[in-house]
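Q: First, the structure itself, so that you have it in front of you.
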Amino acid sequence: MKQMKWFTLLCAGLFLFSGCSEDENENPVSSFGAGALIVNEGNFGQSDGSLSFYHTRSDSVTEDVIKKQNGGENLGATLISAYEHDGLIYLISNSPDKIEIVSVDDFTFEGAPLAGPDFVAPRYMTVTNGKAYVTCWGDWDENFTLPDSYVAVIDLSQRTVIEKIRVQDGAEGIFAVGDKVFVANSYTNWVTVIDSDTDEKMDSLQTAYDAPNDFVLDKNKKLWVVCKGPWGGEGGLVRINSDGMEADFEAVTTGLSPIGKIAINGEGDRIYFLTGAGVHSHPVNSEDLDLDPLISGGDFYAIGYHPGENALYVADPKGFQTAGRVERYNPDGTMINGFDAAVGPSSFLFY
Amino acid sequence: MKKLFLLWLLGNYLFTGGFAQPHPLNDYGEADTIELEELVIIGIPIEKYAAGSRIQTIEKARIENGRSSKLDDLLARNSAIYLKEYGNGMLSSVSMRGGSSSHTAVLWNGININTLTAGGFDFSQAPIAAIEKVDIQYGSASSLYGSDAIGGVVHLSSIDEWPEKGFRASFQQEAGSFRTWFSSGVVSYSSGPFYTKTSLYRKKSRNNFPFIYRSSEQRQKNAAYQYYGVMQELGYRINPRQSLTLSGWFNHNDREVQPNMQANAYPVRENLRDKNLRISANYKLDHQTGFYSITSGYVHDNELYAIDKASTKIATRRWVNICQYERDLAHGLTAKAGGEWTHIVTDVDGYQREISEDRIDGFLSLNYTPFRWWNSTLNIRRTFIRGYEAPTTPSIGNSLTILENNNGKLIFKTLASKGYRIPTLNDRYQPLSGNPDLLPEKSYSIEAGVRYDLLEERRRLGIEATAYVMKVDELIQWMPIGGDLWIPENIRKVAVHGLEGHAELETQMGDLAMIFTGNYFYTRSINKKEVKAGDGTIGKQLAYSPEHSANLIAEARLNQWSATVMNHFTGRRYTNLGNQSSLQPYFITDLDVARSISVGGSICMLSFKIDNVFNIRYQNYYSKAMPGVGFHAGVRIDFK
């Protein structure tokens, strides 16, 4: 009895370093406990991207996680996105172009980064069929367009690039549904579909709105694409039937441009996306897009849904002049709390 | 109109023939009525309508000995200006009194040469080889010089004095670390009333200095640079009361953009190529009705930025015409009135159209000396741009001589002024984001200072301290409004207060002459308004604005030898407005040893320099490596 009490106290007090799990979070994967990992881009041009960790239990934040866990060594780049797979987190970075790999458990570096001439401006990653697929912008051409955008196919065990698949300009968001890999070519109005068995393009879908940016998959196995629209113009949402690979619903965000970030709740029946007006929510089975924001705000830069906590995480970068602020909301739009991250919080990984 | 006697820094006396009798000092802190050859006016002195202002003239010797380097190096070691450098030899921008790069007006022969598109001036593109004289005017001077002069003005002149009769030539060659080469040649001829002077210069550097990142040493990549240029001057003294001068300066600067230390192993192909052509023509007439000066200038800036295979052109042309008229109104009262007309035409790929704009300024100045010990100046200036409201900026300054005797003089100065900056062309005309109706940034400042000068037979001492308070409002900040779109807005407010201390000592002990020059400046530049609600940035020190900075130069000359030790200290700087991280303070020492040899009628000078003697590792800008110790050796031959 006494031992049980002592053990529980130990867990509660030392959650930071213990492997104790709490029932609140079904799948704790890190020694840091339950919470959220915040991906911070860093100051513009200063290669100082970082990770912050929000501990839900204690409502506290550990800043500069990489530096703290790696003996003072920073990421050393602008951090674009993070992807978790099989016990590792892939930190996709620019300036320099590289993918650092850290352990999901304690965020220590796991070997040398993926880098070199095969990675030219890497952006986002997904894994399927035993391989990793990373969108890369390629070099700028004479007119500041990106005609050399491609998807790098990586053998994760060897950490080598085995294929480079040409896609369309500005390849950005990437999402795997079964063996199909969908790529949002954000400088165009096309989504490319890659067959991961052959690592070749199998189809291209034209979206009703310009600048498709990112994807989420709903409970009906339908793939939602958020489109930013042209410069200063309206964007919209497109829903793709990933079996037939055609759009079966589209809705324009009248008078608004989505910024390109999208999230889905734990049940997979409601999506959330950001525009200049704030956070919008839309039930996946509804044919009416209600553009009244769930949460108003002019400059949100990141949105995520923590399935374990049933909480929306939203980040405001505060003009990129200082540490950004993250706020947690209930699905009904009421705020729970908020905390400071680092400069340019742009996405989340949930624990 | 009184003839004015232009007086060179007394430091020169030490090297050109020793001291004469000590003399009382005039209102500008300079020795008066020395019987030198009477010089024709080169212009209305900067100090004349700037009572109460702090003006520092960089010693001629520093300029002559620094010919192989650039203006940013000179300013960082000799003044109360903070330089922000994006790497070694890379773009460098000044910060005067906590302001940003675009809050300093840079004038060349009276013409504002700040970049019209992005604002500010890149001091790494001003080779000293092209400049004869540098004067720094601290504090707001928009009442005299118009837009941009909020933190101060840097006056560059291609002409310092009318050359003496005869033929002169000077050639210099220098080689240094990291594959650096410098060559220059200056040839001038003066027949008395007429002179011509031609300068050519070229510098090239591989700039592959070693630095340490993550405990291992790397060589800096993609940071090579090369610049070359030519300066041509013609002067014609029509008669003792009329003169005409023409200066043309072409500078070509080609440099790779230094990558961050973190990215050095995989550098991106990124470079900047700048071509700048600057021409000024000036006519002066000293007439019984008054003094007239007309300056006409042309500035063509042409920059090409390239990354990977992409490139974009940023070019502007401007024609500037300045007329000034000065006359005595009464005893002790002089007035100056004038106008300036600038016509701008852009050729910027990013604007997707050509923009042209005319700006007309009117200005009026009064210099009032009711008593010998009290000098007061009142200035006012206004810019007119069609369809745009620009402010009227007045200033009032006073200089009071508290103590004066045969050797020394103590002056108390005060100045109150309003300054402004017209938003840049990028702020106003960038497609989709630009706002042509952005308000001008405005500043209000007050300062007070004391200056003490002592001139003795074998010693000269100058000490100066200035305290100032400044408020800057409607500062423009580019803000993201949802995702990728950023727009400029007048949302910032900053308060700056600070202190500038300066001291110079020159002494002569037998054959040994020594000069010490030191500056200390304290700058507390505080953000007064949140950028975004609740961002917690009120009260924070601005980014890249050190609270404490100082420099000290000690020079010794004995017979043919001279040795100079230059030290400069830069305090902690925050890397963003939130002050979440900062860069360490650093202290750098440079050493310069030179020996001159007379060969026939010419002088040959051999010099050896060590930069960063103690091999200090430091960063001026976050993640840009800076070199450790470096050496150069050079030869200069002056023919007379």
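Q: What number comes out for the charge environment of A:ASP199, summing +1 per Lys or Arg and -1 per Asp or Glu over other residues with Cβ under 10 Å away?
A: So the environment of A:ASP199 carries a net charge of -1.
Q: Angle check, please: helix A:2-13 long axis (alpha carbons) against the longest principal axis of chain A (alpha carbons), in degrees 0 to 90, nearest 10.
A: 50 degrees
Q: So with the 1.4 Å probe, I'd like the accessible area per residue for the protein assembly as shown, rounded to whole Å².
A: Per-residue accessible area for the protein assembly as shown comes out at 40 Å².
Q: Taking the convex hull of the alpha carbon atoms in chain B, what volume per residue do you get, in Å³?
A: Working: hull volume 93.1 nm³, N = 640.
Each residue corresponds to 145 Å³ of Cα convex hull volume.
Q: In addition: At a Förster radius of 41 Å, what calculated FRET efficiency corresponds to the Cβ-Cβ distance of A:ARG166 and B:TRP341, to the nearest 0.05?
A: Result of the calculation: an efficiency of 0.15.
Q: To continue, here is another question. Which of the aspartates and glutamates could a cross-linker bridge to B:LYS336, judged by Cα under 16 Å and excluding same-chain residues fewer than eight apart?
A: Answer for B:LYS336, where 16 Å is the Cα cut-off: B:GLU47, B:ASP286, B:GLU326, B:ASP328, B:ASP361, listed by chain and number.
Q: Here's a follow-up. From largest accessible area down, sort B:ARG428, B:ARG317; use a 1.4 Å probe on the protein chains.
A: Largest accessible area first, the residues go B:ARG317, B:ARG428.
Q: Which of B:TYR227, B:SER216, B:SER199 sits closest to the plus end of the dipole of region B:192-238, meaning its Cα is farthest towards the positive end, when Lys and Arg get +1 and Asp and Glu get -1 on the C-beta?
A: B:SER216
Q: Would you mind pulling out the separation of the Cα centroids of region A:181-220 and region B:562-597, in Å?
A: Centre-to-centre (Cα) distance: 53 Å.
Q: Please go through region B:270-355 and write out the GluC sites (Glu not before Pro) that DSSP classes as loop and that have at most 15 other C-beta atoms within 10 Å.
A: Taking region B:270-355 and a limit of 15 other Cβ atoms within 10 Å, the loop GluC sites (Glu not before Pro) found are B:GLU354.
Q: Determine how large the accessible area of B:ILE463 is when every protein chain is in place; take a 1.4 Å probe and give Å² rounded to the nearest 10.
A: 80 Å²
Q: So if R0 is 45 Å, what FRET efficiency would B:GLN560 and B:ILE294 give, r being the distance between their Cβ atoms, rounded to the nearest 0.05?
A: The formula returns an efficiency of 0.50 here.
Q: Under 18 Å Cα to Cα from A:LYS219, which lysines show up? Leave out anything in the same chain fewer than 8 places away.
A: A:LYS180
Q: Say the cut-off is 21 Å between C-alpha atoms; which of A:LYS228/B:LYS529; B:LYS418/B:LYS528; A:LYS201/A:LYS261 go over it?
A: Violating the 21 Å Cα-Cα cut-off are A:LYS228/B:LYS529; A:LYS201/A:LYS261.
Q: Roughly how many nanometres apart are two label points built 7 Å out from the Cα toward the Cβ at B:LEU333 and A:ASP243?
A: Taking the simple label geometry, B:LEU333 and A:ASP243 are separated by 9.6 nm.
Q: Ok, one more. Return the residues of region B:614-631 for which accessible area with all protein chains present is lower than in the chain on its own by 10 Å² or more; set the probe to 1.4 Å and exclude ligands, DNA and RNA.
A: Residues meeting the cut-off: B:TYR621, B:TYR622.
Q: Right, next: How high is the FRET efficiency between B:PHE412 and A:HIS85 when r is their beta carbon distance and R₀ equals 41 Å, given to the nearest 0.05?
A: 0.05
Q: Could you tell me whether region A:29-148 comes out rounded, prolate or oblate from its Cα gyration tensor? Rule is a ≥ b ≥ c as square roots of the eigenvalues, rounded for a/c under 1.5, then prolate if a/b exceeds b/c, otherwise oblate.
A: It is prolate, given that a/c is not under 1.5 and a/b is the larger ratio.
Q: Give the cross-link partners of B:LYS409 among the aspartates and glutamates, using a straight C-alpha distance below 16 Å as the criterion and excluding same-chain residues fewer than 8 apart.
A: B:ASP27, B:GLU30, B:ASP32, B:ASP453, B:GLU456, B:GLU457, B:GLU464, B:GLU504
Q: Shifting gears a bit: List the GluC sites (Glu not before Pro) within region B:42-142 that DSSP assigns to loop and that have no more than 15 neighbouring Cβ atoms inside 10 Å.
A: Numbers: sites: B:GLU47, B:GLU59, B:GLU64, B:GLU85, B:GLU132; in loops: B:GLU47, B:GLU59, B:GLU132.
For GluC sites (Glu not before Pro) across region B:42-142 that sit outside H, G, I, E and B with at most 15 neighbouring Cβ atoms in 10 Å, the list is empty.
Q: Take the Cα pairs of region B:111-253, get the Kirkwood Rh, then feed it into Stokes-Einstein at 37 °C and 0.692 mPa s and tell me D in µm²/s.
A: 181 µm²/s
Q: A further question on this structure: Quick check: from the Cα gyration tensor, does the protein assembly as shown come out rounded (a/c under 1.5), prolate or oblate? Let's see the in-between values first.
A: On the way: a/c = 2.15, a/b = 2.01, b/c = 1.07.
It is prolate, given that a/c is not under 1.5 and a/b is the larger ratio.
Q: Would you mind counting up the charge near B:TYR429? Only other residues with Cβ under 14 Å from its Cβ, with Lys and Arg at +1 and Asp and Glu at -1. Intermediate values should be presented prior to the final figure.
A: Numbers: positive: B:ARG353, B:ARG428; negative: B:ASP347, B:ASP349, B:GLU354, B:GLU357, B:ASP427, B:ASP437.
Around B:TYR429, the surrounding residues sum to -4.
Q: Report for region A:199-293 the percent antiparallel among DSSP-assigned beta bridges with both residues inside it, nearest 5.
A: 100 percent
Q: Moving to a separate point now. Which of the residues in region A:74-116 show a loss of at least 40 Å² in accessible area from their chain by itself to the complete set of protein chains, at a probe of 1.4 Å?
A: So the qualifying set is A:PRO96.
Q: Report in % the part of the accessible area of chain B that belongs to carbon and sulfur, leaving out ligands and nucleic acids; probe 1.4 Å.
A: For chain B, the apolar C and S fraction of the accessible surface comes to 58 percent.
Q: While we're on this one: Net charge around B:ARG359, counting only other residues with Cβ within less than 10 Å of its Cβ (Lys, Arg = +1; Asp, Glu = -1)? Please list the in-between numbers first.
A: Working: positive: B:ARG318, B:ARG386; negative: B:GLU340, B:GLU357, B:ASP358, B:ASP361.
Around B:ARG359, the surrounding residues sum to -2.
Q: Run through region B:131-183 and list the trypsin sites (Lys or Arg not before Pro) located in a DSSP loop whose Cβ has at most 15 other Cβ atoms within 10 Å.
A: B:LYS165, B:ARG179
Q: Could you tell me what % of all Cα pairs in region A:94-249 have separations over 29 Å?
A: 18 percent
Q: If I ignore ligands, DNA and RNA and count only protein heavy atoms, how much of B:ILE396 is accessible to a 1.4 Å probe, in Å² to the nearest 10?
A: Solvent-accessible area, nearest 10 Å²: 80 Å².
Q: What order do A:SER60, B:SER68 take when sorted by accessible area (1.4 Å probe), most exposed first? Before the final figure, lay out each step's value.
A: Details: A:SER60 45, B:SER68 5 Å².
Reading off the accessible areas and sorting them downward yields A:SER60, B:SER68.
Q: If you place +1 on the Cβ of every Lys and Arg, -1 on the Cβ of every Asp and Glu, and leave all else neutral, what size is the dipole of the protein assembly as shown about its Cα centre, to the nearest 20 Debye?
A: 4180 debye
Q: Another question, if that's okay. Could you work out how much longer the chain between B:ARG273 and B:ARG353 gets when fully extended? Use 0.36 nm per residue separation minus the Cα distance between them, nm to one decimal.
A: Answer, rounded to one decimal: 26.6 nm.
Q: Rg and Dmax of region B:280-365 over Cα atoms: what are they, in angstrom?
A: Final numbers for Rg and Dmax: 19.2, 67 Å.
Q: Something else now. So what's the convex hull volume per residue for the Cα atoms of region A:159-247, in Å³?
A: About 97 Å³ per residue, rounded to a whole number.
Q: Right, another one. I want to check the label-to-label distance for A:GLU287 and B:ASP254. Put each point 7 Å from Cα in the C-beta direction and report it in nm to one decimal.
A: Between A:GLU287 and B:ASP254, the label points sit 6.5 nm apart.
Q: For the pairing of chain A with chain B, what total accessible surface becomes buried, with a 1.4 angstrom probe, in square angstrom to the nearest 100?
A: 3000 Å²
Q: In whole Å, what is the distance between the alpha-carbon centres of region B:445-488 and region B:215-279?
A: Distance between centres, Cα-based: 27 Å.
Q: Considering amide H positions built from the backbone, and no H for Pro or chain starts, which residues 5 or more places from B:PHE631, or on another chain, come under 5 Å of its amide H?
A: Under 5 Å from the amide H of B:PHE631: B:SER177, B:ASP611.
Q: Compute the length gained on full extension between B:ARG241 and B:ASN208: take 0.36 nm times their separation in residues and subtract their Cα-Cα distance, giving the result in nm to one decimal.
A: Full extension from B:ARG241 to B:ASN208 adds 6.6 nm.
Q: Sketch the reach of a paramagnetic label on B:VAL469 as a point 7 Å from Cα along Cα-to-Cβ, and name the residues of region B:40-80 whose backbone nitrogen lies under 15 Å away.
A: Under cut-off, by backbone N: nothing.
Q: Would you work out which of B:THR180, B:ALA281, A:ALA112 lies farthest towards the positive end of the dipole of the protein assembly as shown, given +1 charges on the beta-carbon of Lys and Arg and -1 on that of Asp and Glu, about the Cα centre?
A: Farthest along the dipole direction, towards plus: B:ALA281.
Q: Next up: Here is the link list: B:LYS540/B:LYS624; B:LYS70/B:LYS609; A:LYS67/B:LYS70; B:LYS313/B:LYS442; B:LYS84/B:LYS204; B:LYS70/B:LYS197. Which ones come out longer than 26 Å on Cα distance?
A: Correct reply: A:LYS67/B:LYS70; B:LYS313/B:LYS442.
Q: For B:CYS323, A:CYS227, what's the largest-to-smallest order of accessible area, 1.4 Å probe?
A: Listed by decreasing accessible area, they come as B:CYS323, A:CYS227.
Q: Under a crude label model (7 Å from the Cα following the beta-carbon direction), how far is B:PHE608 from B:VAL230 in nanometres?
A: 3.7 nm
Q: Please compute the Kirkwood hydrodynamic radius of region B:460-549 from all pairs of different C-alpha atoms, in Å with one decimal.
A: Value: 16.3 Å, from the Cα pair sum.
Q: While we're here: If you bin the C-alpha pair distances of region B:472-610 every 10 Å from 0, what whole percents do you get?
A: Reading upward from the zero bin: 10, 26, 22, 16, 14, 9, 3, 0.
Q: So, taking all protein chains as they sit and a 1.4 Å probe, how much accessible area belongs to A:ARG159, in Å² rounded to tens?
A: About 80 Å², ignoring ligands and nucleic acids.
Q: A follow-up question, please. Just which residues of region B:197-234 lose 50 Å² or more accessible area with every protein chain there, against their chain alone, with the probe set to 1.4 Å?
A: Residues passing the criterion (a loss of at least 50 Å², heavy atoms only) are B:ARG214.
The values are calculated or read from the model by the stated rules, or taken from the named source; none is laboratory data. If you're wondering where the values come from, they're calculated on a predicted model, not measured in any experiment. So basically every Cβ, Gly included, is an ideal-geometry build from the backbone, and we count neighbours across all protein chains shown. Keep in mind that these areas ignore ligands, DNA and RNA; they rest on the heavy atoms of the full protein, side chains included. Shrake-Rupley method; radii C 1.70, N 1.55, O 1.52, S 1.80 Å.
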